[in-house]
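First comes the structure, then the notes that go with it.
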Amino acid sequence: MKIIKDCQIIKPGIIREILLEKQKMLNPPQGCITIQVGASGICGTDLHIFLGEYIGDYPIIPGHEFSGDVVSIGDKVERFKVGDRVAVEPNLSCGICDTCLHNRQHFCENWQAIGVTMPGGMATHVMVPQQAAFTIGDLSFEEAAFMEPLSCVIHGVGLIEFLLGAHILLVGTGPIGMLLLRTLKNMGSAKLDIVEINENRRNFAAKEGLGQVFSDFSQVKKEYYDIVVDATGAISVIEQCIAFVRPAGKILFFGVPPKGKVMTIEPFQLFRKELTILSSYTSLRNSKQAIDLISTGRIVVKDLISHRLLLNELKDGFHLLLDKKEPAMKVMIFP
Ligand SMILES: [Zn+2]
Ligand SMILES: [Zn+2]
């Protein structure tokens with residue numbers, strides 16, 4: 001039996017300080033590993049951070065959806081060896097604060113996140129604590145880079161007490177909307193209709209076929225859906241969702257809305273229809289589920305990549321998604 005001598009818990013903020021200090025030397029501190037990044041996806045959250053609408057502050061190396069090879073390990077790293085292939089769960093929690101002890105680690109009072117408050121995956125190398133890394137087997141790096149967004153989707157969908165054979169309306173089929181669509185399908189929905197204003201995205205989603213595909217709300221049947229899921233976060237869109245959910249139905253607000261903006265809803269409608277409004281924030285230990293679903297092909301992710309760019313083209317990747325001049329889904333960066 002092994003006796004653990006120094007059972008010291010290091011808070012994420014302290015890990016952050018140590019890693020910021022050590023980052024340049026590729027010499028990971030105790031309990032940490034250095035990953036040579038294989039693939040790193042640009043996420044909507046990166047755009048929010050880029051535009052100053054989210055929690056993280058520049059200067060920071062962005063990238064929280066990534067995978068790669070372990071190239072160096074610090075002392076007391078037991079889970080990994082050099083050469084292991086891993087993907088990263090960016091949220092770090094302390095495990096000992098009141099919130100963590102209430103099993104809400106995604107709201108840890110000492111929360112830090114790789115690529116948000118700590119150096120992230122848009123780099124050739126990144127150091128992370130070993131608890132942030134997950135083995136990916138022989139999954140390709142670009143597929144494994146979907147572990148984090150799929151974890152968020154699994155968490156969100158898990159919040160809906162799912163009705164087998166449910167009629168669902170999904171609004172928005174960008175990369176995260178497509179992950180939602182494929183996850184909702186797996187949950188056993190009978191009808192899955194889609195609203196998407198972007199023609200390319202609409203045509204792409206239409207191929208999944210579990211129902212009708214609409215370009216706006218005008219043709220969508222009111223009070224018809226058991227569950228309405230918003231993947232846009234657009235205020236004007238989420239305000240309208242209530243009209244389409246049937247009495248005693250549920251709405252999941254999944255898309256990230258702009259900070260500081262307000263929406264108008266009629267509380268009487270909530271009362272009269274006995275609606276449940278759910279919201280979802282990041283994930284809660286869903287990484288293993290995500291890797292398993294991707295590895296087994298239950299959730300396909302590869303076809304969601306529309307652009308593959310090099311690290312020095314990162315800014316072009318941001319603009320591809322912000323300027324919307326050409327059709328884009330997931331933009332994957334290869335450092
Ligand atoms: Zn993300
Ligand atoms: Zn905590």
Of the residues Pro327, Pro258, Pro247, only one is in contact (Cβ under 8 Å) with a residue 60 or more places away in the chain, outside any helix (DSSP H, G or I) and either at positive phi or open to solvent by 50 Å² or more (accessible area, probe 1.4 Å) (or both); which? Pro327
Among the residues of the stretch 77-98, write down those that are away from ligand 1 (no atom under 16 Å from the Cβ) and either among the acidic types (Asp, Glu) or open to solvent by 30 Å² or more (accessible area, probe 1.4 Å) (or both). Glu78, Arg79, Lys81, Val82, Gly83, Asp84, Arg85, Ser93, Gly95, Ile96, Asp98
Of the numbered conditions (1) modelled with pLDDT of 95 or more; (2) more than 14 Å from ligand 1 (Cβ to nearest atom), His155 fails exactly one; give the number of that condition. (2)
Only residues that are of a type outside the set (D, E, K, R), open to solvent by 10 Å² or more (accessible area, probe 1.4 Å) and over 22 Å from Leu310 (Cα atoms): list them for the stretch 109-123, please. Asn110, Trp111, Gln112, Thr117
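So which residues in the stretch 161-176 are closer than 17 Å to Gly211 by Cβ and surrounded by fewer than 24 Cβ atoms within 10 Å (Cβ to Cβ), if there are any at all?
Initial filter on the stretch 161-176 (closer than 17 Å to Gly211 by Cβ): 162-173.
Phe162, Leu163, Leu164, Gly165, Ala166, His167 - these are the residues of the stretch 161-176 that are closer than 17 Å to Gly211 by Cβ and surrounded by fewer than 24 Cβ atoms within 10 Å (Cβ to Cβ).
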Under 9 Å by Cβ, and 6 or more places apart or on different chains, what pairs join a residue from the stretch 96-107 that is within 6 Å of ligand 2 (Cβ to nearest atom) with one that is open to solvent by 100 Å² or more (accessible area, probe 1.4 Å) and assigned to a loop (DSSP other than H, G, I, E, B)? Cys97/Glu109; Thr99/Glu109; Cys100/Glu109
Search result, residues across the stretch 8-60 that are open to solvent by 60 Å² or more (accessible area, probe 1.4 Å), away from ligand 2 (no atom under 16 Å from the Cβ) and modelled with pLDDT of 80 or more: Asn27, Gln30, Gln36
Scanning the stretch 175-218 for residues that are at pLDDT below 95, in a loop (DSSP other than H, G, I, E, B) and not hydrophobic (A, V, I, L, M, F, W, C), which turns out nearest to Asp292 (Cα to Cα)? Gly188
Could you go through the stretch 193-210 and let me know if any residue there is within 14 Å of Ile251 (Cα to Cα) and in contact (Cβ under 8 Å) with a residue 40 or more places away in the chain. no
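Which residue out of Thr232, Thr264 is among the hydroxyl-bearing types (Ser, Thr, Tyr), within 22 Å of the chain's Cα centre (by Cα) and assigned to a loop (DSSP other than H, G, I, E, B)?
Values: Thr264 fails: within 22 Å of the chain's Cα centre (by Cα).
After ruling out the rest, the residue left standing is Thr232.
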Within the stretch 124-152, restricting to residues that are in contact with a Ser or Thr (Cβ under 8 Å, 6 or more places away or on another chain) and of a type in the set (Gly, Ala, Ser), the one that is surrounded by the fewest Cβ atoms within 10 Å (Cβ to Cβ) is Gly137
In the stretch 269-305, which residues are within 28 Å of Gly137 (Cβ to Cβ), open to solvent by less than 50 Å² (accessible area, probe 1.4 Å) and more than 16 Å from the chain's Cα centre (by Cα)? Gly297
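The values are calculated or read from the model by the stated rules, or taken from the named source; none is laboratory data. Note that the structure is a prediction, hence the values are computed from the model and not measured. For neighbour counting, all protein chains shown are included, and Cβ atoms are generated from backbone atoms with ideal geometry for every residue, glycine included. The accessibility values were calculated without ligands, DNA or RNA, using every heavy atom of the protein model including side chains. Shrake-Rupley method; radii C 1.70, N 1.55, O 1.52, S 1.80 Å.
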